[in-house]
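The values are calculated or read from the model by the stated rules, or taken from the named source; none is laboratory data. The structure displayed is predicted, hence computed values, not measured ones. Cβ: placed from backbone, ideal geometry, glycine included. Neighbour counts: every protein chain shown.
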């Protein structure tokens, strides 16, 4: 899939615009969990297509049930996709910043090593490649990006 975007708003429809092929900076917000809603798959495929078309992803922020994309404990059937692994591999390949909302993650029992220790839990379950932070990271992504796209309700 080839994705073409424009940051220009000056040209009328049908007119040539010199800036129409400039890379766009996208911020991605995923607010639905894997396997229960199409949002995560759609966000993943959009992100891969945008990167493949030369665009930039400022940050991927997982919020509400979207934080469940970052669990290391999901074990989908062998004949199904592993969404967490897909996100991790895409992030490694393109050096993406994937952030789980700390409050949403902790409410759903998703803990990084520091939070697990503070809560007296014997293990963490945050998948490799994901980071935990606050809503300030979402605001920052919105400021840095040309467009902030929301996947989910």
(message) Take the residues in the range 1-32 that are at pLDDT 95 or above and in a loop (DSSP other than H, G, I, E, B); name whichever of them is surrounded by the fewest Cβ atoms within 10 Å (Cβ to Cβ).
(response) 23
(message) Can you confirm whether residue 74 is crowded, with 17+ Cβ neighbours inside 10 Å, over 14 Å from the mean Cα position of the chain (by Cα) and over 13 Å from residue 149 (Cβ atoms)?
(response) yes
(message) Can you find a residue that is surrounded by fewer than 19 Cβ atoms within 10 Å (Cβ to Cβ), under 16 Å from residue 31 (Cα atoms), free of Cβ contacts under 8 Å to residues at least 40 places away in the same chain and out of contact with any strand residue (DSSP E or B) (no Cβ under 9 Å at 6 or more places or on another chain) anywhere in the range 87-104?
(response) yes
(message) Take the residues in the range 42-55 that are more than 14 Å from residue 89 (Cα to Cα) and out of contact with any strand residue (DSSP E or B) (no Cβ under 9 Å at 6 or more places or on another chain); name whichever of them is surrounded by the most Cβ atoms within 10 Å (Cβ to Cβ).
(response) 53
(message) Restricting to the range 112-130, name every residue that is touching a strand residue (DSSP E or B) at 6+ places or on another chain (Cβ under 7 Å) and exposed (fewer than 15 other Cβ atoms within 10 Å of the Cβ).
(response) none
(request) Take residue 80 and decide whether it is exposed (fewer than 15 other Cβ atoms within 10 Å of the Cβ), modelled with pLDDT under 95 and touching a helix residue (DSSP H, G or I) at 6+ places or on another chain (Cβ under 9 Å). (result) no
